[in-house]
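A.B. asks: Here it is, the structure, as C-alpha cells.
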Amino acid sequence: MSRLWEDPRFGPLAHELYRRCGLVFEGGQAHLFRKRVERRALEAGYGDVDSYLERLAFGIDPEEFERLVDLLTVNETFFFREPEHFRVLLDEFWPRWRERGEVRVWSAACSTGCEPYTLGMLLRERGWHEGVDILASDVSTRVLGEARQGVYTEFALRNTPAYYRQQYFRMEGARFHLDASVRSMVRFQRINLAGPEPWEPPGRFHAVFCRNVLIYFDLEAKRRVVGRLVASLRPGGVLVVGRSESLLSVPEAPPPLHRGGVVVYRLPEEAENGSEVSPFGWRSHV
Ligand SMILES: C[S@@+](CC[C@H](N)C(=O)[O-])C[C@H]1O[C@@H](n2cnc3c(N)ncnc32)[C@H](O)[C@@H]1O
C-alpha cells in the first residue's frame, strides 16, 4: 500500500501505474510524480491537471500510458556500472557456457543501453563476440530509442576506462558515438516486466541482468518480476541484480552465490529435465 494511492487527486493514476507496471512512488518520488504529471497535463494541452486526471479516469490509451511511463521512470545508467558483475560472469561462468554453444543474455531493464553495450565491449575484448545473443529491454520506449542510436554524453561514460573510450567511441561535438561493431551485438525490445497480462518469457537465458530497477517495486511486484526472470533462466543460469538490491525477502530467487565481492543468484543445474527442484517453489509464482 502506497501513501500516494490515498491522494484523492493523484491516487487513482498512481495506483493504475502500479497495476500496469509495478512502480511505487514514495517520499520524494511522490512529489516528483505529481510535478511530472502536472507538466504532462500542460504539454498534452489541458488547461489544468484535474481535467487531465479526469480524462485518464475513463481509461488511459496505450499511447498516453507510454508517455507517462517515459516521464515517470528513473532511467539513470552509465557504462561500466558495477563492473564486478561482468567480471564474475565472464571469469566464472562464460567459458563453460561457450563450450556448449550459443550464450544468451538478457538485460531486462536496460535503459539507454549502457549495460548490454558494456557487456558487448568486454566480449569483443576477449574475442568472445561470436555465438552470443544479447537481448536488451525496457518498459520505456523513449530510452529504447536512445539505446538503438548509441549516442551518449560524457556523463554516461564517467566510469569508462580511457582504453574503451578510444577503442569503441567516436566523438562528434560533445557526444560519444558507440561503434557499430558493438551496437550490432544487441537487439532491443520493449518488455514490461511487471504487467498484469500473462507472462511469456522472451527466451531461456544463461544470464539475466535486472539491476537497479527492483528498488522501484514493492514486495509483491518484486516477487512477480523475480519469478518471471527466473522462469527465463536456463538450468545453471544466473540472475544479476544491483549491488544495493537484496533478494533476501524474495522466495522466488534462486540461491545466492558470493563471488568476487558480489552476490549473484544461480539456478541449480539439476533443473535440467524441467523437474521442480526448488525448495522455494520457483515458477509457481509466475
Ligand atoms: C535506473 S534504470 C537501471 C538501468 C540499468 N539496469 C543499470 O543498472 O544501469 C531502471 C530502468 O528500469 C526500467 N523499468 C522500470 N519499470 C519497469 C518495468 N515494469 N519493466 C521493465 N523496465 C522497467 C526503467 O524504465 C529504467 O530504464
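The values are calculated or read from the model by the stated rules, or taken from the named source; none is laboratory data. All values derive from a computational prediction rather than experimental measurement. Positions of Cβ are backbone-derived with ideal geometry, glycine not excepted, and every protein chain shown enters the neighbour counts.
A.B. asks: All but one of (1) more than 16 Å from the ligand (Cβ to nearest atom); (2) modelled with pLDDT of 95 or more hold for Ser232; state the number of the condition that does not hold.
C.D. replies: In the conditions (1) more than 16 Å from the ligand (Cβ to nearest atom); (2) modelled with pLDDT of 95 or more, Ser232 misses (1) alone.
A.B. asks: State whether the residues of the stretch 190-197 include one that is in contact with a Leu (Cβ under 8 Å, 6 or more places away or on another chain) and either within 30 Å of His129 (Cβ to Cβ) or not assigned by TED's automatic domain parsing to the domain that holds Gly145 (or both).
C.D. replies: Looking through the stretch 190-197, at least one residue is in contact with a Leu (Cβ under 8 Å, 6 or more places away or on another chain) and either within 30 Å of His129 (Cβ to Cβ) or not assigned by TED's automatic domain parsing to the domain that holds Gly145 (or both).
A.B. asks: Only one residue in Gly173, Gly150, Gly131 is of a type in the set (Gly, Ala, Ser), within 16 Å of the ligand (Cβ to nearest atom) and either assigned by TED's automatic domain parsing to the domain that holds Glu220 or surrounded by 17 or more Cβ atoms within 10 Å (Cβ to Cβ) (or both), so which one is that?
C.D. replies: Exactly one residue qualifies, and that residue is Gly150.
A.B. asks: Another one. Which one of the conditions (1) within 14 Å of the ligand (Cβ to nearest atom); (2) modelled with pLDDT under 95 does Ser246 fail to meet, given that it meets all the rest?
C.D. replies: (1)
Let's see how each residue does on (1) of a type in the set (Lys, Arg); (2) more than 18 Å from Leu193 (Cβ to Cβ):
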| position | (1), (2) |
| --- | --- |
| Arg223 | yes, no |
| Ala231 | no, no |
| Arg234 | yes, yes |
| Val238 | no, no |
| Ala253 | no, no |
| Leu257 | no, yes |
| Gly261 | no, yes |
| Val264 | no, yes |
| Pro268 | no, yes |
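A.B. asks: Working carefully through the options Leu119, Leu178, find the one that is under 30 Å from Arg259 (Cα atoms) and either touching a residue at least 60 places away in the same chain (Cβ under 8 Å) or in contact with a Phe, Trp or Tyr (Cβ under 8 Å, 6 or more places away or on another chain) (or both).
C.D. replies: Just a single option satisfies the conditions, and that option is Leu119.
A.B. asks: Select from the stretch 153-168 the residues that are in contact (Cβ under 8 Å) with a residue 40 or more places away in the chain and among the charged types (D, E, K, R) and list them in ascending order.
C.D. replies: Passing the criteria: only Arg158.
A.B. asks: If you don't mind, there's one more thing I want to ask. Among (1) out of contact with any Ser or Thr (no Cβ under 7 Å at 6 or more places or on another chain); (2) in the same structural domain as Ala194 (by TED's automatic domain parsing); (3) closer than 30 Å to Glu154 by Cβ, there is one condition Trp97 misses while meeting the rest; what is its number?
C.D. replies: Only one criterion is unmet by Trp97, namely (3).
A.B. asks: Would you say Thr112 is out of contact with any Phe, Trp or Tyr (no Cβ under 7 Å at 6 or more places or on another chain) and within 16 Å of the ligand (Cβ to nearest atom)? Break it down stepwise before answering.
C.D. replies: Numbers: out of contact with any Phe, Trp or Tyr (no Cβ under 7 Å at 6 or more places or on another chain): yes; within 16 Å of the ligand (Cβ to nearest atom): yes.
In short, yes.
A.B. asks: Would you point out the residue of the stretch 34-91, among those that are more than 16 Å from the ligand (Cβ to nearest atom), outside any helix (DSSP H, G or I) and out of contact with any Lys or Arg (no Cβ under 9 Å at 6 or more places or on another chain), that is farthest from Arg165 (Cα to Cα)?
C.D. replies: Checked the stretch 34-91; the qualifying residue farthest from Arg165 (Cα to Cα) is Phe58.
A.B. asks: Oh, and also: In the stretch 125-144, how many residues are out of contact with any strand residue (DSSP E or B) (no Cβ under 9 Å at 6 or more places or on another chain) and either without any contact (Cβ under 8 Å) to a residue 60 or more places away in the chain or in a loop (DSSP other than H, G, I, E, B) (or both)?
C.D. replies: Number satisfying all stated conditions: 5.
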